[in-house]
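This report concerns only the one structure given below.
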Amino acid sequence: MKNILKSSFLLALIVSVFTSCSDEEDFEIAPYKPQVFGESFPEADIDYNANFDFPGWVNFAETGTKKWIERDFNNSGYIQFSPFGSGEASNIGWAITPKFNLDSTVNEVLTFQSASNFVDNPANKLEVFISTNFDGTNVLAATWTPLDAVVADDTTNGYIYIPSGEIDLSSYTGDVNIAFKVTGNGTTLDGLFQVDDIKVYSK
């Protein structure tokens, strides 16, 4: 009798579990969002304080000598640009993603996070651009279109990561590059900017 009762209990339990899992109100699979491009700067790949040189990326100093560097904190990597200590009248640095293609997906969006600290002037800024004709070498010869992203600035100091929001890329086709550009100098406009968790996906 005990074995019969035990078997009945187990059967009822299994039926209950499968019934609850099939209830659409209690169990819903999140929609899949195909990712076109992504970079989270894994800590294992970070060479702390070295010039940023991940494969396929372009790290370009438009003016001055400062470039983007690799950093990590609390087991999380990111890239950072700071004109601090350069003593130069102008520092403009670009971090440009590898080329990726938008032909096989639709409704693409870009998201990332950015942070700032010690930025004391709105002229010291982070901007985001997209190009459809960057040849991978000549940054200033390409056409760069600004993207309307929420970015860290002189009002968000404190290493507080700011979500960019979903930036619509659906009007673009073919091969594109995304660029993160910081403008500042090492004399009166110190400060730094950080970028992390870059994703382009089909919404």
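The numbers here are math on the coordinates, done by the rules we state, and not lab data. Here the structure is a predicted model, which is why all the values come from computation and not from measurement. Note that each Cβ is placed from the backbone with ideal geometry, even for glycine, and that neighbours are counted across all protein chains shown.
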Inset, instruction - Can you tell me the relative contact order of region 56-134? Whole percent, Cα pairs under 8 Å, sequence separation 6 or more. - result: 30
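What FRET efficiency do you get for ASN121 and THR63 if R0 is 25 Å and r is their Cβ-Cβ distance, rounded to the nearest 0.05?
Numbers: r = 17 Å, r/R0 = 0.67.
Efficiency at R0 = 25 Å is approximately 0.90.
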Legend entry - Radius 14 Å from Cβ of PHE100, net charge of other residues (Lys, Arg +1; Asp, Glu -1): -2
Inset, instruction - Starting from the Cα of GLN35, step 7 Å along the direction of its Cβ; do the same at ASP135; then give the gap between the two resulting points in nm. - result: 3.3
Legend entry - Hits among aspartates and glutamates - C-alpha to C-alpha of LYS203 under 12 Å, sequence gap 8 or more where chains match: GLU108, GLU166, ASP168
Inset, instruction - Quote to one decimal, in nm, the extra length available between TYR48 and TYR161 on full extension: 0.36 nm per residue of separation minus the C-alpha distance between them. - result: 38.7 nm
